[in-house]
């Protein structure tokens, strides 16, 4: 079937463009360097500042025992009875805390680990390779993330490199950057927190290199 004149003209222009490619106008701009230059302060300090600006609740623990003490105090104060956690490493670390609920839908709070923490944006990096993937950090009304100082990186690119090094050719099918509590300003430009996810997000970082 013969092509219409308009289609033939479009294909002709495409062939001409491929035959005579236009050079990149600013070749010096091509590169792999980070756009943002890391500050001189410690990553944990920068993460804490940016995470807190986004209404996240940050806590630094010098040891795992301090984490247990702080979490126990928080849970007692908030009177959380249904705590969901499906990660075996966290269950071993917090045996009396994380065995209270097996139902994510009706829990008061969920506790998860993470893949990395991004200092520049105050983001928590999650993936489908973590137990329950993204669901435990979304469907619970409150999310608690437990991380270690060695998981801190400066920028998104650094976090992606961590995942590449960790999983090699088996990159997770889902990689999520959770940045503070869920929020939206779609209705009359009024900021509402906790619409599509947790109303509160806690991050406990343990000093362990």
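The values are calculated or read from the model by the stated rules, or taken from the named source; none is laboratory data. Everything quoted here is computed from the prediction, not taken from an experiment. Positions of Cβ are generated from backbone atoms using ideal geometry, with glycine treated the same way; all protein chains shown enter the neighbour counts.
Condition (residue is assigned to a strand (DSSP E or B) and closer than 24 Å to residue 150 by Cα) applied to segment 61-74: is it met by at least one residue? Yes, because at least one residue in segment 61-74 is assigned to a strand (DSSP E or B) and closer than 24 Å to residue 150 by Cα.
Check whether at least one residue in segment 14-27 is surrounded by 14 or more Cβ atoms within 10 Å (Cβ to Cβ) and modelled with pLDDT of 75 or more, and report yes or no. No: zero hits.
When segment 112-165 is filtered for residues that are within 13 Å of the chain's Cα centre (by Cα), under 24 Å from residue 78 (Cβ atoms), in contact (Cβ under 8 Å) with a residue 60 or more places away in the chain and not in a helix (DSSP H, G or I), the ones remaining, listed by number, are 117, 122, 124, 138, 144, 146.
Quick one: is residue 45 modelled with pLDDT of 90 or more and in a strand (DSSP E or B)?
Values: modelled with pLDDT of 90 or more: yes; in a strand (DSSP E or B): no.
No: the conditions fail for residue 45.
Among the residues of segment 98-130, those that are crowded, with 18+ Cβ neighbours inside 10 Å, in contact with a strand residue (DSSP E or B) (Cβ under 8 Å, 6 or more places away or on another chain) and over 15 Å from residue 142 (Cα atoms) comprise 114, 115, 116, 117, 118, 119, 121, 123, 125, 126, 127, 130.
Is it fair to say residue 76 is more than 26 Å from residue 45 (Cβ to Cβ), without any contact (Cβ under 8 Å) to a residue 12 or more places away in the chain and either surrounded by fewer than 17 Cβ atoms within 10 Å (Cβ to Cβ) or touching a helix residue (DSSP H, G or I) at 6+ places or on another chain (Cβ under 9 Å) (or both)? Before you say what the answer is, go through the steps one by one.
Details: more than 26 Å from residue 45 (Cβ to Cβ): yes; without any contact (Cβ under 8 Å) to a residue 12 or more places away in the chain: yes; either surrounded by fewer than 17 Cβ atoms within 10 Å (Cβ to Cβ) or touching a helix residue (DSSP H, G or I) at 6+ places or on another chain (Cβ under 9 Å) (or both): yes.
Taking the combined requirement at face value, the residue satisfies it.
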